[in-house]
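Colleague: Structure incoming, see below.
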Amino acid sequence: MEVLKASFSRHEISDYLTKASRIQSRFPSGISGILIAPDFEAGVQELMELVKFPVRLFKYREENSPPGESVGWLEEITLHGKPAESTPPEEPLSLCNRLNREELREFIQLEIDVARGRHNKS
């Protein structure tokens, strides 16, 4: 599980996969991931479905409350479920939110390299 204070972008996926592959080697029965962030960049959900282990995405929200009290909640983000509140259902997915072929090719190659243990630790 990873909790982020800032939005999760597509550029952070490789770092997340690197951490996960290190952890995965300790659990031969398999792992699943949970990412919690205030928001997710468009296209992240689709990319995370390509990862070889299940990853659940949650947006967190906090409310202003009296001092000493913390009120917040998690909203699960699903690709095949209801659209997120911040994205109205009548708003079509623009082409700029989709990955181009080169981005997809790089992501798939990264997954192959991680699976083969060739990913450089940077």
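The values are calculated or read from the model by the stated rules, or taken from the named source; none is laboratory data. In this text, all values refer to a predicted model and were calculated from it rather than measured experimentally. With ideal geometry, Cβ positions are generated from the backbone for all residues, glycine too; neighbour counts draw on all protein chains shown.
Each row is one residue, and each column tells you yes or no for (1) within 20 Å of Ser9 (Cα to Cα); (2) modelled with pLDDT of 85 or more; (3) small (Gly, Ala, Ser).
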| position | (1), (2), (3) |
| --- | --- |
| Lys19 | yes, yes, no |
| Arg26 | no, yes, no |
| Ser29 | no, no, yes |
| Glu62 | no, no, no |
| Leu74 | yes, yes, no |
| Ile77 | yes, yes, no |
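Colleague: Give the residues of the stretch 14-27 that are without any contact (Cβ under 8 Å) to a residue 40 or more places away in the chain and part of a helix (DSSP H, G or I), sorted by residue number.
Modeller: Result: Asp15, Tyr16, Lys19, Ala20, Arg22, Ile23, Gln24.
Colleague: Taking the options Glu106, Glu90, Glu69, name whichever one is surrounded by 11 or more Cβ atoms within 10 Å (Cβ to Cβ) and either at pLDDT below 70 or acidic (Asp, Glu) (or both). So that I can check it myself, show each step before the final result.
Modeller: Working: Glu90 fails: surrounded by 11 or more Cβ atoms within 10 Å (Cβ to Cβ); Glu69 fails: surrounded by 11 or more Cβ atoms within 10 Å (Cβ to Cβ).
Of Glu106, Glu90, Glu69, the one residue that is surrounded by 11 or more Cβ atoms within 10 Å (Cβ to Cβ) and either at pLDDT below 70 or acidic (Asp, Glu) (or both) is Glu106.
Colleague: Does any residue of the stretch 42-51 turn out to be surrounded by 10 or more Cβ atoms within 10 Å (Cβ to Cβ), within 17 Å of the chain's Cα centre (by Cα), within 16 Å of Gly117 (Cα to Cα) and at pLDDT below 85?
Modeller: Of the stretch 42-51, the ones surrounded by 10 or more Cβ atoms within 10 Å (Cβ to Cβ) are 42-51.
Within this subset, residues satisfying the condition of being within 17 Å of the chain's Cα centre (by Cα) are 42-51.
Then keep just the ones that are within 16 Å of Gly117 (Cα to Cα); that gives 51.
Still in the list and also at pLDDT below 85: 51.
Within the stretch 42-51 (the criterion being surrounded by 10 or more Cβ atoms within 10 Å (Cβ to Cβ), within 17 Å of the chain's Cα centre (by Cα), within 16 Å of Gly117 (Cα to Cα) and at pLDDT below 85), the answer is yes, since at least one residue qualifies.
Colleague: Of everything in the stretch 14-41, what is buried (at least 17 other Cβ atoms within 10 Å of the Cβ), small (Gly, Ala, Ser) and under 20 Å from Glu75 (Cα atoms)? Give them in sequence order.
Modeller: Gly33, Ala37
Colleague: Given the conditions (1) at pLDDT 85 or above; (2) in a loop (DSSP other than H, G, I, E, B); (3) loosely packed, with under 11 Cβ neighbours inside 10 Å, which single one is not true for His11?
Modeller: For His11, the failing item is (2).
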